[in-house]
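Handing you this structure, nothing more for now.
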């Protein structure tokens, strides 16, 4: 889809040969309910659609294949994913913006791909919202932000993410997923315990957990982990750089501090999809080595927790 503020845009003449109604006549003679089913099938991409922008007031959402061709070559512009909108006026009216509803919109930074694509995905998304009318924003169902982790970037990135969380409050029908390198700098397949500890700390620090210490301790006991609870204050400071150190240890006292929280703003591991088989293999090694508690029930709890973070986020 192209989003543009240019009011002088002209559309092809629907009476021309290339836009003859006969070309789409069979489709348009079907009942609207059937047409909508066809649109859903035709516009749903199995790998989501990607944001591209090379002009101040125009954005395109295309397949990852089209995006890669533009980023790695001198191709001027990718082909928008929704090609139905160019068939005739009626199909444009019926499908324009539908790709927002049927796909996750993916934002990612690309070095050397122009001034707009060089920016962090969080900045790209905010820029897109600036030129996207509220009518189209309401059609967005899922957004994925890549390479915008607040843990490895300047504080300004955190404040950009605050704006996105606020936007999530205003659009409860949309879920924004921020990809994060859980258990950085080493992947979870090398040490599942580190992956789970990282996720539990994030949950305790950023979500409305009434008793963070009890939350962490209960999981540690259940999973046979031994960790230092004081790390929670470190996690909280990463998300709240304005968090005064004299309050850090009062983790159960939420008075006077605003939580930057949004149920539809989720953190997901950046190395998805979840490789359950590999995860189970690493668990077995740790159990055999005595690093974690043995037992089928414990192992299933680990897997269930990890799978949930990949599917629903933290």
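How much FRET efficiency would the formula 1/(1 + (r/R0)^6) give for residue 89 and residue 137, where r is the Cβ-Cβ distance and R0 is 25 Å, rounded to 0.05? Walk me through the intermediate numbers first.
Numbers: r = 24 Å, r/R0 = 0.96.
Calculated transfer efficiency: 0.55.
Residue 55 versus residue 32, label points 7 Å from Cα toward the beta carbon: distance in nm?
Once both label points are built, they end up 3.2 nm from each other.
Between residue 101 and residue 296, how high is the FRET efficiency from 1/(1 + (r/R0)^6) when r is the Cβ-Cβ distance and R₀ = 51 Å? Nearest 0.05.
Efficiency at R0 = 51 Å is approximately 0.75.
Further question: If each residue of separation counts as 0.36 nm, what is the full-extension length gain between residue 312 and residue 44 once their alpha-carbon separation is subtracted?
Extending this stretch completely gives an extra 94.5 nm.
Could you calculate the contour length gain from residue 221 to residue 69, that is, 0.36 nm times the residue separation minus the distance between their Cα atoms, to one decimal place in nm?
Working: separation 152, 0.36 × 152 = 54.72 nm, distance 4.99 nm.
This chain segment gains 49.7 nm when fully extended.
Distance in nm between label sites at residue 288 and residue 147, each 7 Å beyond Cα in the beta-carbon direction?
Once both label points are built, they end up 3.9 nm from each other.
Something else now. Between residue 76 and residue 118, how high is the FRET efficiency from 1/(1 + (r/R0)^6) when r is the Cβ-Cβ distance and R₀ = 22 Å? Nearest 0.05.
So the FRET efficiency works out to roughly 0.80.
Then there is this: At what distance in nm do the modelled label points of residue 304 and residue 163 sit from each other, each positioned 7 Å from its Cα along Cα→Cβ?
4.1 nm
Every number in this text was worked out from the coordinates using simple rules, so none of it is lab data. Everything quoted here is computed from the prediction, not taken from an experiment. Every residue, glycine as well, gets a Cβ built from its backbone with ideal geometry; the counts of neighbours run over all protein chains shown.
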